[in-house]
Amino acid sequence: MKRIKKAVVAGFLCGIVLAGTGRGAFGAGAASAPGARVNINAASADELARLPGVGPAKAKAIVEYRSEEPFRKPEDLRKVKGIGDKLYDRLKDQIMVEPAAPARGHGG
């Protein structure tokens, strides 16, 4: 019985430690809320890297691409080097496009 208690306590403590380091469901790339989508015109490289199959290098490529030409529709993500049809199909239900924020300092 003591062995079972020790195993349960150890498992519980590991769960707490993992949750504290962000390596739980959120760290693995899960959306913050069910059905939540990532706006690929506004997300940070870190947020993009959490999408399945993206990672830091592709996230950087996405940010660089959109700095030159904001995405008009989710399908435009396929224009980024390294994002093909297969990866886009994995991501399409997790991403969205909202218009890029207007540049600051113009107008009045």
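The values are calculated or read from the model by the stated rules, or taken from the named source; none is laboratory data. Model, not experiment: these values are computed from the prediction. Neighbour counts run over all protein chains shown; Cβ positions are idealised from the backbone, glycine included. Protein only, heavy atoms only, side chains kept; ligands, DNA and RNA dropped before computing areas. Shrake-Rupley method; radii C 1.70, N 1.55, O 1.52, S 1.80 Å.
Before moving on, here are some points about what is shown:
- Reachable aspartates and glutamates, given that their alpha-carbon falls under 14 Å from the alpha-carbon of LYS92 and they are not under 8 places away in the same chain: GLU75, ASP76
- Rounded accessible area of ASP46 (nearest 10 Å², 1.4 Å probe): 110 Å²
- Modelled label positions at SER44 and LYS81, each set 7 Å beyond Cα in the direction of Cβ, lie 2.6 nm from each other.
- Available extension along the chain between ASP89 and GLU64 is 6.9 nm, counting 0.36 nm per residue and deducting the alpha carbon span.
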